[in-house]
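The values are calculated or read from the model by the stated rules, or taken from the named source; none is laboratory data. Predicted model, so just to flag it, every value in this text is computed and none were measured. Note that each Cβ is placed from the backbone with ideal geometry, even for glycine, and that neighbours are counted across all protein chains shown.
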């Protein structure tokens with residue numbers, strides 16, 4: 001019979017802007033699995049990033065990860081599957097309106113600072129110019145793995 005207590009400590013699920021995974025207890029989270037995350041408020045994601053980083057939480061991007069979700073690529077303990085779809089765009093205000101000037105430059109630098117080397121430069125030269133809404137630059141996990149993001153090694157459904 002499976003050890004349910006160990007399973008609960010092993011798998012954690014959160015629903016945050018579409019991020020889906022499993023768990024009865026977020027405080028014991030060791031793994032977050034992202035199958036479909038449509039993004040959300042950047043400040044909330046940065047808080048989650050800090051908590052995941054502090055706890056050493058494993059974040060596995062196994063499906064769609066859009067917008068603010070992309071900051072998780074900078075976690076020390078993140079991995080992607082080759083078929084994952086990660087979608088980037090430049091920063092917007094919470095109501096979806098475009099930023100301009102200094103605010104746009106500031107928030108693009110903030111976003112880029114969370115990405116691994118290589119992805120940060122690509123974001124600053126290319127992806128930040130996509131101005132959101134329904135417009136994204138989508139990259140497969142296989143490409144991110146070439147940039148140095150770790151490949152997920154556990155076999156789970158995608």
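Examine segment 50-70 for a residue that is part of a loop (DSSP other than H, G, I, E, B), at positive phi and more than 10 Å from the chain's Cα centre (by Cα), and state whether such a residue exists.
yes
Given 76, 83, 120, which one is in a helix (DSSP H, G or I), over 14 Å from residue 42 (Cα atoms) and over 11 Å from the mean Cα position of the chain (by Cα)?
120
Please verify whether segment 99-110 includes one or more residues that are in contact (Cβ under 8 Å) with a residue 12 or more places away in the chain and either within 19 Å of residue 34 (Cα to Cα) or part of a loop (DSSP other than H, G, I, E, B) (or both).
no
Do we find a residue being surrounded by 15 or more Cβ atoms within 10 Å (Cβ to Cβ), more than 20 Å from residue 39 (Cα to Cα) and touching a strand residue (DSSP E or B) at 6+ places or on another chain (Cβ under 7 Å) anywhere in segment 132-146?
Yes, some residue in segment 132-146 is surrounded by 15 or more Cβ atoms within 10 Å (Cβ to Cβ), more than 20 Å from residue 39 (Cα to Cα) and touching a strand residue (DSSP E or B) at 6+ places or on another chain (Cβ under 7 Å).
Look at residue 59 and say whether it is free of Cβ contacts under 8 Å to residues at least 40 places away in the same chain, buried (at least 22 other Cβ atoms within 10 Å of the Cβ) and in contact with a strand residue (DSSP E or B) (Cβ under 7 Å, 6 or more places away or on another chain).
yes
Could you say which residue among 85, 42, 4, 73 is surrounded by 12 or more Cβ atoms within 10 Å (Cβ to Cβ) and at pLDDT below 95?
42
Could you list, in sequence order, the residues of segment 134-158 that are assigned to a strand (DSSP E or B) and modelled with pLDDT of 90 or more?
Those that are assigned to a strand (DSSP E or B) and modelled with pLDDT of 90 or more: 138, 139, 140, 151.
Give me the pairs, please: first residue somewhere in segment 129-150 and on the phi > 0 side of the Ramachandran plot, second residue anywhere and outside any loop (DSSP other than H, G, I, E, B) and surrounded by 13 or more Cβ atoms within 10 Å (Cβ to Cβ), beta-carbon distance under 6 Å, and either six or more positions apart or on two chains.
If the second residue must be outside any loop (DSSP other than H, G, I, E, B) and surrounded by 13 or more Cβ atoms within 10 Å (Cβ to Cβ), the pairs left are 132/92.
Taking the stated definitions as given, is residue 59 touching a helix residue (DSSP H, G or I) at 6+ places or on another chain (Cβ under 7 Å), modelled with pLDDT of 90 or more and closer than 26 Å to residue 134 by Cβ?
Considered against the rule, which asks whether it is touching a helix residue (DSSP H, G or I) at 6+ places or on another chain (Cβ under 7 Å), modelled with pLDDT of 90 or more and closer than 26 Å to residue 134 by Cβ, residue 59 comes out as yes.
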